[in-house]
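The structure appears below as structure tokens.
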Amino acid sequence: MAKTIVIKQVGSPIRRPAEQRATLIGLGLNKMHRVRELEDTPSVRGMINKVSHMVEILEEKD
């Protein structure tokens, strides 16, 4: 089974660059306090790093 990561959006995309908004949508987060469970891959980690000021890592599962 693949590793997964649970993330939550805690920051608003209002007045942020379009690239950051697109990254949030790519992660499946486009409204405040949404939670998503995603596969822990290098591409997902890179997307989280780009918007780290707007998301929070809740849990890492094996």
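The values are calculated or read from the model by the stated rules, or taken from the named source; none is laboratory data. Here the structure is a predicted model, which is why all the values come from computation and not from measurement. Here the Cβ positions follow ideal geometry from the backbone for every residue, glycine too, while neighbour counts run over all protein chains shown. These area figures cover heavy atoms from the full protein model, side chains too; ligands, DNA and RNA do not enter into them. Shrake-Rupley method; radii C 1.70, N 1.55, O 1.52, S 1.80 Å.
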> Can you give the extra length, in nm with one decimal, that the chain gains between residue 52 and residue 22 once fully stretched, where that is 0.36 nm per residue apart less the Cα-Cα distance?
Replying inline: 9.4 nm
> Can you pull the Kirkwood radius for the chain, inverse mean 1/r over Cα pairs, to one decimal in Å?
Replying inline: 11.6 Å
> Expressed as a whole percentage, what fraction of the accessible surface of the chain belongs to carbon and sulfur atoms when a 1.4 Å probe is rolled over the protein heavy atoms?
Replying inline: 51 percent
> What is the magnitude of the charge dipole of the chain about its Cα centre, with +1 placed on the Cβ of each Lys and Arg, -1 on the Cβ of each Asp and Glu, and no other charges, expressed in debye to the nearest 20?
Replying inline: 380 debye
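Evaluate E = 1/(1 + (r/R0)^6) for residue 15 and residue 40, where r is the Cβ-Cβ distance and R0 equals 30 Å; express this FRET efficiency to the nearest 0.05.
On the way: r = 30 Å, r/R0 = 1.00.
The computed FRET efficiency comes out at 0.50.
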